[in-house]
Amino acid sequence: MGEMKKSVAALEKNMTEVKQNVAANVPRLEEAENRIISAEELLQKSMADLNNAMKRVSYLEAKIDDLENRGRRKNLRLFGLREGAEGQRPLLEFVREMLPRWLETDRSFVIERARRTLAPPKPNQHRAVLVRFLNFQDREFVFRSTKQPNIEHDGSRLFFAQDFSAETIRQRAKFSSIRKVFAEKGLQCVSGLECASVLERMVRFLLYATYWLCGQPLRLYDPHINDTHLQESLSWLLECYSEGQHQHQDEFQALSLLYNLGEWMQCF
């Protein structure tokens, strides 16, 4: 019996020590729980801040790309002109002199700059010429005038293209297969007043999308693609207007002017 009492006493002592240890660990567990809760709250706040920062970065990237494209709106890229075709003359004077001849017009053009692209020249590959006009109207006239006729110089076919930022070019490349299908079906040369009616609806839709969807995530609304389509639709629409008077011509010419001046919010 004495040994049993000793064993029970030792067991009670051990239980008491266990209870004391457990009681001593309670504050530490509570502190650990509080720390975990604080860490989770901080993580949630950090994730929210990160999402906001990513949205802000996406917005600023779109804004920068938009500003870059607006800065390039008076530019055209001339492809097909052979290296050294200008001879000893400055490239700017050569382009300014030849442009009316290429377009077969008496109109004179004021060109601010003309230079080859900065890529290093390659054998049998001619670098594009970047031409910047003083007036946007001259640039639009040249771009619209060179869509249909074949222009040649020294046996080389010349053609003009709009000057876009690298990001916009990357976005446009996604539609290369669609453009190819349209070209094969001859749908890229559609013009006339019936085409203008369709383009007017497209321009209205794209303008409203610019206003109403500008705050949406990139997966729902891409400002680069929308702005590119809007610019191309406006240029195409103005070209259709040149073939005859249209009911809404004054309205959309004013919209084009406001948009190219960066005052498109005045449209709403």
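The values are calculated or read from the model by the stated rules, or taken from the named source; none is laboratory data. Since the model is a prediction, treat every value here as computed from it, not as a measurement. Backbone-built Cβ (ideal geometry, glycine too); neighbour counts: all protein chains shown. We work out accessible area using only protein heavy atoms, side chains counted, and drop any ligands, DNA or RNA first. Shrake-Rupley method; radii C 1.70, N 1.55, O 1.52, S 1.80 Å.
Numerical summary
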read-out: Candidate set: region 212-233, residues that are within 18 Å of L67 (Cβ to Cβ) and without any contact (Cβ under 8 Å) to a residue 60 or more places away in the chain; chosen: the one surrounded by the fewest Cβ atoms within 10 Å (Cβ to Cβ); value: C214
read-out: Boolean, F94 is touching an Asp or Glu at 6+ places or on another chain (Cβ under 7 Å) and at pLDDT 90 or above; value: yes
read-out: Residues that are in contact (Cβ under 8 Å) with a residue 24 or more places away in the chain and loosely packed, with under 12 Cβ neighbours inside 10 Å, drawn from region 192-210; value: G192
read-out: Subset of region 157-176 [open to solvent by 80 Å² or more (accessible area, probe 1.4 Å) and at pLDDT below 80]; value: K174
read-out: Matching residues in region 74-109 - criterion: being without any contact (Cβ under 8 Å) to a residue 60 or more places away in the chain and touching a His at 6+ places or on another chain (Cβ under 8 Å); value: E83, M98, W102
read-out: Breaking point among (1) of a type in the set (S, T, Y); (2) surrounded by 12 or more Cβ atoms within 10 Å (Cβ to Cβ); (3) more than 17 Å from A166 (Cα to Cα), for S46; value: (2)
read-out: Candidate set from region 85-101 (those that are part of a helix (DSSP H, G or I) and open to solvent by 70 Å² or more (accessible area, probe 1.4 Å)); member that is farthest from R132 (Cα to Cα); value: R101
read-out: Residue under evaluation E104, criteria (1) more than 17 Å from T146 (Cβ to Cβ); (2) surrounded by fewer than 11 Cβ atoms within 10 Å (Cβ to Cβ); (3) at pLDDT below 90; (4) not polar (S, T, N, Q), criterion not met; value: (1)
